[in-house]
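**Student:** Following this message is one structure expressed as C-alpha cells.
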Amino acid sequence: MMNQNSTLAVDFAGVVLKNPVVLASGTCGFGQEYGKIFDIEKLGGLSLKGLTLHYRAGNDGIRIWETPSGIMNSVGLENPGVPHFAEHELPMLKDYHFAKIVNLGGHSVEDYVKAVEILNDYDFDILELNISCPNVKGGGMNFGVKTEIAREVVGKVRQICKHKLMIKLSPNAEDIVSLSQMCQAEGADAISLVNTFLAMAVDINKKKPVFDNGYAGLSGPAIKPIALRMVHQVCKAVSIPVMGLGGITTWEDAIEFIMAGATAVQVGTASFMKPDIALDIIDGMQEYMNRNKLRDLKEIRGIL
Amino acid sequence: MGKVLENKKVSKDFFLMKVEQKNQALMGQFYMLRAWEQYPVLSRPVSIYDRDDNTVTFLYKAVGKGTEIFSRLKKDDEIKIDGPYGNTFPYVEGRIALVGGGVGIAPLFYTAKELKKQNPESNITIYLGFSDEAVLTEEFKTVGDRIITNVGGFITDEINPEEYDAILTCGPLPMMRVLYEKGKDTKAEIYVSMENRMACGVGACLVCTCKTASGNKKVCKDGPVFPAKEVFYDESK
Ligand SMILES: Cc1cc2nc3c(=O)[nH]c(=O)nc-3n(C[C@H](O)[C@H](O)[C@H](O)COP(=O)(O)OP(=O)(O)OC[C@H]3O[C@@H](n4cnc5c(N)ncnc54)[C@H](O)[C@@H]3O)c2cc1C
Ligand SMILES: Cc1cc2nc3c(=O)[nH]c(=O)nc-3n(C[C@H](O)[C@H](O)[C@H](O)COP(=O)(O)O)c2cc1C
Ligand code: FES
C-alpha cells in the first residue's frame, strides 16, 4: 500500500516518526495491553501514561462519565512513580521502534526537577511535560493556566532536561498563544495540545457532583473543533513543531489538524471505540496522500 | 465482529442475546460490546451468561442508551464483540453458593455449569434476588441443585454462609458487602465480581481502578473477580 514516492514519515523536532500518529498519554497505559491486541509497532509513537515523581493511587469515586460525543475522566494521575517506571515499565518497550514519549506531571517545581534528573539517565525519545492535568488538586492546573507560572517550571526543566522537551498545553490556559510563545522562548523543542477541558457533571438524584473532585477532564469528539482552533492559533504563533490532539477519531480529523499546522497528531479517547483505530487513521492518511498525489505532508501542513 | 443469532426479551427489561463468535472464554469473563459507530463513545462491558465454542450468550438489562440499542438488534445484525477479557471465577468445589442480585445473576449461569462439570460431586445452590420480577429461574434450575429466589426483599436474608465452602457473588455493591459481612467469619471463601465503569476494558486507561487490601487493581484486567476480603477490607487497619 505504501506508495514509494509518498511517505507519512515526519521529522518531529529531530525525532523521525515513521508516521505522524501517536497514542495519547493516559489512554494507552505503557503499551503492554494494546501490544497484545494489535501491532503497535505500526504506530508513529506512544505517549505513555502520565508519571509523577512518586507513586500516586489516583482519585477515589467514579473516574469516568460519558457525555454526548465525549467522556469525562478523573483518574488523578494514578501511576507507579518515575523510579519504578524507569526500572520496570520503560524496559518493556525496548524492542519497539516507535517514538517513545514519556509524559511527566508534578505538584511542585521541585518534584518536576527531581523526576527529570532521574529520567535523564534513561533512553527514550521525547519528554512530554504535562503542565495541564486538571485532576490533581492544587497541581498541574496551576502551572498550565497562567503563562508566568508555567514559565518557571518550563524554564527550570529546560535547564536540566537532556531529552527533547515537548510541553503539553492545557486548553484551560488563560492565553494559549502567549503560553505557547513562552514555551518556545524558554527553549522547548516542541508543543503538544490539547489536554482535557475542565468540565462538570451532576448526579441530580444524589444532588452531588458525579466526581469526588467536583470537576473532571472532558475529551473525545466533543472537544475537537475547539482543539483544532487552538492548534491553529498556536501553529501560527510559534515555529517549533506541534503535536495536535483533541477528539481525533478519523483520518479526516487527522488531516484537518495537519492542515491547521500540526506536524503530528495524537489519538486518545478514540482508541476506546476501537483499540486499533489509530491504524485505520494511518491507513486513511496514506490513501489520502496517494489520491492527492502528495509526497510529503509538508505540502498540506499549515496551509490554512 | 459477531452476528446476532437471537435476541429475545425475557422480562420487562431483561434480554438474552446469543451471538455467533468462536471463543474459548471462561466463566466470569466479559466482552466489550458495541452495536454502533462513534456514539455512544464507549463500548459496554457485558458478562458471559452462557457459551459454547461457537457462540456467546449475554443476559443484559436495558438501562440506558447502549443497552437500549442492543435491545433493538435483530437476528443477523452485526455486533462488535471484543474479548473475552478479565479473570475468571475460581474453580471452587464442595458446597457452593452462587448469589446474584438483579442483572448480576448473568455470570452465574455458565459458572454453575462449569463448576458442576469440573466436579459433579459439588452441590450448587443458586440465590437469585430481584427487585420486581423474577427472570430465568427455570433456566437456572437446569444448572443448580437448588434455586432460591427473592423478589422485592433482600436475597442476602435467605442465605446462611455457614452452610458453604465457597460463595461466589455478583450484584449491587451494597448486596455484596452485606454478604461479606455475614460470611466473613465462616469457613466459606467469598469471591465478588465487580462492575466498575470501564473505558478500554483491557487495562490501559485506569478508569476502572478498585482499591483493595493489596493496592489498586484494574477491575477489567486483574478482575472482575476478587476475593471479597480484598475488596471490603477495613481501610483503618
Ligand atoms: C465487568 C462488567 C460486566 C457486566 N455485565 C453485565 C451483564 O452481564 N449484563 C448487564 O445488563 N450489565 C452488565 N454490566 C453493566 C453494563 O455494562 C451497564 O449496564 C451498561 O454499560 C449500561 O450502558 P447503557 O448505555 O445502557 O446505560 P447508560 O446510559 O450508560 O447508563 C444508564 C444508567 O446506568 C448507570 N451505569 C452505567 N454503567 C454502569 C456501571 N458499570 N455500573 C453501575 N452503573 C452503571 C448509569 O450511571 C446510568 O444511571 C457489566 C458491567 C461490567 C463492568
Ligand atoms: C482516561 C484518560 C487519562 C488521561 N491521562 C493523561 C495523563 O496521564 N497525562 C496527560 O498528559 N494527559 C492525559 N489525558 C489526556 C489525553 O492525553 C488527551 O490530551 C485528551 O484526552 C484529549 O485527546 P482525545 O480527545 O483524543 O482523548 C488522559 C485522558 C484520558 C481520557
Ligand atoms: S477499563 Fe481501562 S483500565 Fe480498566
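**Student:** B:Val99 passes all but one of (1) open to solvent by 10 Å² or more (accessible area, probe 1.4 Å); (2) in contact with a strand residue (DSSP E or B) (Cβ under 9 Å, 6 or more places away or on another chain); which number fails?
**Tutor:** Failed condition: (1).
**Student:** Give me the strands (runs of 3 or more DSSP E) completely within the range B:56-171, filtered to those with at least 3 residues that are of a type in the set (Val, Ile, Thr) and either farther than 28 Å from B:Asp185 by Cα or not assigned by TED's automatic domain parsing to the domain that holds B:Val19 (or both), ordered by residue number.
**Tutor:** The strands (runs of 3 or more DSSP E) meeting that bar are B:123-130, B:146-151.
**Student:** Considering the range A:263-286 alone, what residues qualify as being free of Cβ contacts under 8 Å to residues at least 40 places away in the same chain and more than 14 Å from chain B (Cβ to nearest Cβ)?
**Tutor:** Of everything in the range A:263-286, just one residue is free of Cβ contacts under 8 Å to residues at least 40 places away in the same chain and more than 14 Å from chain B (Cβ to nearest Cβ), namely A:Gly284.
**Student:** Inside the range A:20-54, can you point out the residues that are open to solvent by 10 Å² or more (accessible area, probe 1.4 Å) and either more than 14 Å from chain B (Cβ to nearest Cβ) or in contact with a helix residue (DSSP H, G or I) (Cβ under 7 Å, 6 or more places away or on another chain) (or both)?
**Tutor:** Scanning the range A:20-54 gives A:Thr27, A:Phe30, A:Gln32, A:Phe38, A:Asp39, A:Glu41, A:Lys42, A:Leu53, A:His54.
**Student:** Run down B:Asp157, B:Asp165, B:Asp222 and say which single residue is within 22 Å of B:Ala112 (Cβ to Cβ) and modelled with pLDDT of 95 or more. Write out each step before concluding.
**Tutor:** On the way: B:Asp157 fails: modelled with pLDDT of 95 or more; B:Asp222 fails: within 22 Å of B:Ala112 (Cβ to Cβ).
The unique qualifying residue is B:Asp165.
**Student:** If you don't mind, another one. Answer yes if at least one residue in the range B:226-235 is of a type outside the set (Lys, Arg), closer than 24 Å to B:Leu33 by Cβ and assigned by TED's automatic domain parsing to the domain that holds B:Ile105, and no otherwise.
**Tutor:** The answer is yes, given that some residue of the range B:226-235 is of a type outside the set (Lys, Arg), closer than 24 Å to B:Leu33 by Cβ and assigned by TED's automatic domain parsing to the domain that holds B:Ile105.
**Student:** I've got another one for you. Can you work out which of the residues in the range A:55-72 that are among the charged types (D, E, K, R) and more than 7 Å from chain B (Cβ to nearest Cβ) is surrounded by the fewest Cβ atoms within 10 Å (Cβ to Cβ)?
**Tutor:** For the range A:55-72, the residue satisfying everything is A:Asp60.
**Student:** Looking only at the range A:81-97, filter to residues that are open to solvent by 10 Å² or more (accessible area, probe 1.4 Å) and touching a helix residue (DSSP H, G or I) at 6+ places or on another chain (Cβ under 7 Å); which one of those is nearest to ligand 1 (Cβ to nearest atom)? Walk me through it before giving the result.
**Tutor:** Filtering the range A:81-97 down to residues open to solvent by 10 Å² or more (accessible area, probe 1.4 Å) leaves A:83-84, A:87-92, A:94-97.
Retained after the next criterion (residues that are touching a helix residue (DSSP H, G or I) at 6+ places or on another chain (Cβ under 7 Å)): A:83, A:92, A:96-97.
On the way: A:Pro83: 32, A:Met92: 26, A:Tyr96: 30, A:His97: 35 Å.
Top of the filtered list is A:Met92.
**Student:** Among the residues of the range B:44-67 satisfying the criterion of being within 14 Å of chain A (Cβ to nearest Cβ) and away from ligand 2 (no atom under 16 Å from the Cβ), which is least open to solvent (accessible area, probe 1.4 Å)?
**Tutor:** It comes out as B:Gly66.
**Student:** Are there any pairs with C-beta distances below 9 angstrom linking a residue in the range A:287-299 that is without any contact (Cβ under 8 Å) to a residue 12 or more places away in the chain to a residue that is charged (D, E, K, R), with the two at least 6 apart or on different chains, and if so which?
**Tutor:** Close Cβ pairs satisfying both conditions: A:Asn292/A:Glu299.
**Student:** Every residue in the range A:231-243 that is farther than 21 Å from A:Ile40 by Cβ and of a type outside the set (Val, Ile, Thr), please.
**Tutor:** Result: A:His232, A:Gln233, A:Cys235, A:Lys236, A:Ala237, A:Ser239, A:Pro241.
**Student:** In this structure, does B:Tyr180 turn out to be assigned to a helix (DSSP H, G or I) and either more than 30 Å from B:Lys8 (Cβ to Cβ) or away from chain A (no Cβ under 14 Å) (or both)?
**Tutor:** yes
**Student:** Condition (residue is under 23 Å from B:Arg44 (Cβ atoms) and in contact with a Pro (Cβ under 9 Å, 6 or more places away or on another chain)) applied to the range B:106-116: is it met by at least one residue? Break it down stepwise before answering.
**Tutor:** Let us first name the residues in the range B:106-116 that are under 23 Å from B:Arg44 (Cβ atoms), namely B:106-111.
Among the residues that remain, those that are also in contact with a Pro (Cβ under 9 Å, 6 or more places away or on another chain) are: B:107.
Yes, the conditions are met somewhere in the range B:106-116.
**Student:** Okay, moving on. Inspect the range A:196-205 for any residue being more than 14 Å from chain B (Cβ to nearest Cβ), within 16 Å of ligand 1 (Cβ to nearest atom) and on the phi > 0 side of the Ramachandran plot and give the result as yes or no.
**Tutor:** no
**Student:** Please go through (1) over 14 Å from the mean Cα position of the chain (by Cα); (2) under 26 Å from B:Phe226 (Cβ atoms); (3) within 13 Å of ligand 1 (Cβ to nearest atom) for B:Ile48 and return the number of the only condition it doesn't satisfy.
**Tutor:** (1)
**Student:** Can you pull out the residues in the range B:39-55 that are touching a helix residue (DSSP H, G or I) at 6+ places or on another chain (Cβ under 9 Å), in a loop (DSSP other than H, G, I, E, B) and away from ligand 3 (no atom under 16 Å from the Cβ)?
**Tutor:** B:Tyr39, B:Ile48, B:Tyr49 - these are the residues of the range B:39-55 that are touching a helix residue (DSSP H, G or I) at 6+ places or on another chain (Cβ under 9 Å), in a loop (DSSP other than H, G, I, E, B) and away from ligand 3 (no atom under 16 Å from the Cβ).
**Student:** Restricting the range B:156-184 to residues that are of a type in the set (Val, Ile, Thr) and more than 16 Å from ligand 1 (Cβ to nearest atom), which is nearest to B:Asn87 (Cα to Cα)?
**Tutor:** B:Ile167
**Student:** Looking only at strands (runs of 3 or more DSSP E) that fall completely inside the range A:136-233, which ones have 1 or more residues that are touching a Cys at 6+ places or on another chain (Cβ under 9 Å) and open to solvent by less than 30 Å² (accessible area, probe 1.4 Å)?
**Tutor:** By residue number, A:164-168, A:190-193, A:215-219.
**Student:** Please name all residue pairs, on different chains or six or more residues apart, with Cβ atoms under 6 Å, provided the first residue is in the range B:212-228 and is more than 14 Å from every other protein chain (Cβ to nearest Cβ) and in contact (Cβ under 8 Å) with a residue 40 or more places away in the chain and the second residue is away from ligand 1 (no atom under 11 Å from the Cβ) and open to solvent by 10 Å² or more (accessible area, probe 1.4 Å).
**Tutor:** B:Val225/B:Tyr191; B:Ala228/B:Tyr180; B:Ala228/B:Ile190
**Student:** Tell me which residues, restricted to the range B:24-42, are closer than 12 Å to B:Phe70 by Cβ, open to solvent by 10 Å² or more (accessible area, probe 1.4 Å) and either among the hydroxyl-bearing types (Ser, Thr, Tyr) or within 12 Å of chain A (Cβ to nearest Cβ) (or both).
**Tutor:** Listed by number, the residues that qualify are B:Trp36, B:Pro40.
**Student:** Return a yes/no flag: does the range B:175-186 have any residue that is surrounded by 14 or more Cβ atoms within 10 Å (Cβ to Cβ), at pLDDT 95 or above, within 30 Å of A:Gly220 (Cβ to Cβ) and away from ligand 2 (no atom under 16 Å from the Cβ).
**Tutor:** no
**Student:** Here's a follow-up. Consider B:Glu133 carefully, then state whether it is more than 16 Å from ligand 2 (Cβ to nearest atom), charged (D, E, K, R) and surrounded by fewer than 17 Cβ atoms within 10 Å (Cβ to Cβ).
**Tutor:** The answer is yes for B:Glu133.
**Student:** Please specify each residue of the range B:192-207 satisfying the condition of being open to solvent by 10 Å² or more (accessible area, probe 1.4 Å) and within 7 Å of chain A (Cβ to nearest Cβ).
**Tutor:** B:Arg197, B:Cys200, B:Val202, B:Leu206, B:Val207
The values are calculated or read from the model by the stated rules, or taken from the named source; none is laboratory data. Predicted model only: the values in this text are computed from it and were never measured. We place every Cβ from the backbone using ideal geometry, glycine too, and count neighbours over all the protein chains shown. The protein model used for the area step is the full one, side chains on, heavy atoms only, and it has no ligands, DNA or RNA in it. Shrake-Rupley method; radii C 1.70, N 1.55, O 1.52, S 1.80 Å.
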